[in-house]
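Participant: Take a look at the following structure, please.
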């Protein structure tokens, strides 16, 4: 007969320890072989970590992980920022053009509160629909917008968990902003909590609007410039030249700041409202391109961006769409010839228009709207959305059963640290094609 043995907690722990040492996960082995912790972890982190106990604590037990996240949040931020600096040369070497791009977007971490239970919102919507039916309201009545406006602005259990409109639905969440480069590698993570707003008094939080979509646009536009300012302060040597964002950033103030304060050369931002230009003597299309005076559907052709005018101001030159360059074999010269049956000018070259971009950065943000360059480049903006989804799904940021903002903020930073460590390891083992894929890297 086999004698029965009752396992103790100590036995289970020793078994797990033996398995971990004899069969380490592949990624941990790669980290051990290729990562220099002294290069990544600031000395201040070591001092802070050991100062709390006055003794070495190499093996904090699992029950203290949450406390670790809350106590060492600022240190995790320092590690993240250090990794951003370490990975910047790698990104530049992989693709200088993509590394020079800056992509920004916001999202939210839904907190574990009653208001996020689908039954909570559905109950309010059902009541509003029944009320609308009993009062014989017409089809213009939108119970979803009314429900959004009638719900409290924050969760009852935690005032810092705000109502937001994220990914097509309203919920109660902590809002954060993320910056990546064109490769989709995270460059900055900002957690828009009470502490952040206190340190940025220039951000004015207004009363929520009736439309959840409008609230999101207003919040994003207010968060961008402070986020860029902080990023520039933390990483002064990183100088992106191309900005990609959604239509929420289509404001005159933002364009002006992007080009003047942050020295961007191009800004790919879709128009939120139609263009308007004062004191112009020509018609233009929805992309700000001058059109033929006799045919508004016929845009003029762009020809060069450098000015030879006395003013030395940067200009964009547009020429008649029916103009062609013709070569003279006798004197071996080239000249413009307009082949229009109904010319709008007596010049044989056709009409020419000089545009001054700095007078209307919305219309001319360093790149021609609707051009091939615009269409191909703007597609890259999806990489920041992929990174957010990667954080939510692969790093399990979404659906956390906690309401503690420090814990969630640390989880975000740890997700960013994990991605950046993947970049470092992929570079060390010459597998740069896997900088964004941990699964492929360890396969």
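We did not get these values from a lab; they are worked out from the coordinates using the rules stated. This structure is a prediction, so every number in the text was calculated from the model and none was measured. Glycine gets a Cβ as well: all are built from the backbone with ideal geometry, and neighbour counts include every protein chain shown.
Participant: Relative to the present Cα-Cα distance, how much length would full extension add between residue 260 and residue 278 at 0.36 nm per residue of separation?
Facilitator: 4.3 nm
Participant: With a/c under 1.5 counting as rounded, go ahead and sort the range 58-174 into rounded, prolate or oblate using the C-alpha gyration tensor (a ≥ b ≥ c being the square roots of the eigenvalues; past the cut-off, prolate if a/b is larger than b/c, else oblate).
Facilitator: Oblate shape, in that a/c is at least 1.5 and b/c is the bigger or equal ratio.
Participant: So, one more: When only C-alpha pairs under 8 Å and at least 6 residues apart count, what is the relative contact order of the range 103-167, in percent?
Facilitator: 32 percent
Participant: Under a plain spin-label model, where a point goes 7 Å from the Cα along Cα-to-Cβ, how far apart in nm are residue 314 and residue 95?
Facilitator: 2.4 nm
Participant: May I pose another question? Subtract the Cα-Cα distance of residue 400 and residue 302 from 0.36 nm times their separation in residues, and report this length gain in nm to one decimal.
Facilitator: Length difference between fully extended and current span is 30.1 nm.
Participant: Next up: Assuming 0.36 nm per residue, please report the length gained on full extension of the stretch residue 44 to residue 122 beyond their Cα-Cα distance.
Facilitator: Difference between extended and current length: 23.2 nm.
Participant: Take every Cα pair under 8 Å in the range 222-295 that's 6+ residues apart, average their separations, divide by the length, and report that relative contact order as a whole percent.
Facilitator: 25 percent
Participant: What FRET efficiency, computed as 1/(1 + (r/R0)^6) with R0 = 22 Å and r the Cβ-Cβ distance, is obtained for residue 229 and residue 195, rounded to the nearest 0.05?
Facilitator: Details: r = 16 Å, r/R0 = 0.74.
The computed FRET efficiency comes out at 0.85.
Participant: Which shape class, rounded, prolate or oblate, goes with the range 364-443 when its Cα gyration tensor gives a ≥ b ≥ c as root eigenvalues, a/c under 1.5 marks rounded, and past that a/b bigger than b/c marks prolate? The partial results should precede the final answer.
Facilitator: Working: a/c = 2.79, a/b = 1.39, b/c = 2.00.
It is oblate, given that a/c is not under 1.5 and a/b is not larger than b/c.
Participant: Quick check: pseudo-label points 7 Å beyond the Cα along Cα→Cβ at residue 352 and residue 437, how many nm apart are they?
Facilitator: Each label point is offset 7 Å from its Cα along the Cβ direction, giving 5.1 nm.
Participant: Next question, about the same structure. At residue 372 and residue 294, where each label point lies 7 Å from the Cα along Cα→Cβ, what is the point-to-point distance in nanometres?
Facilitator: 2.9 nm
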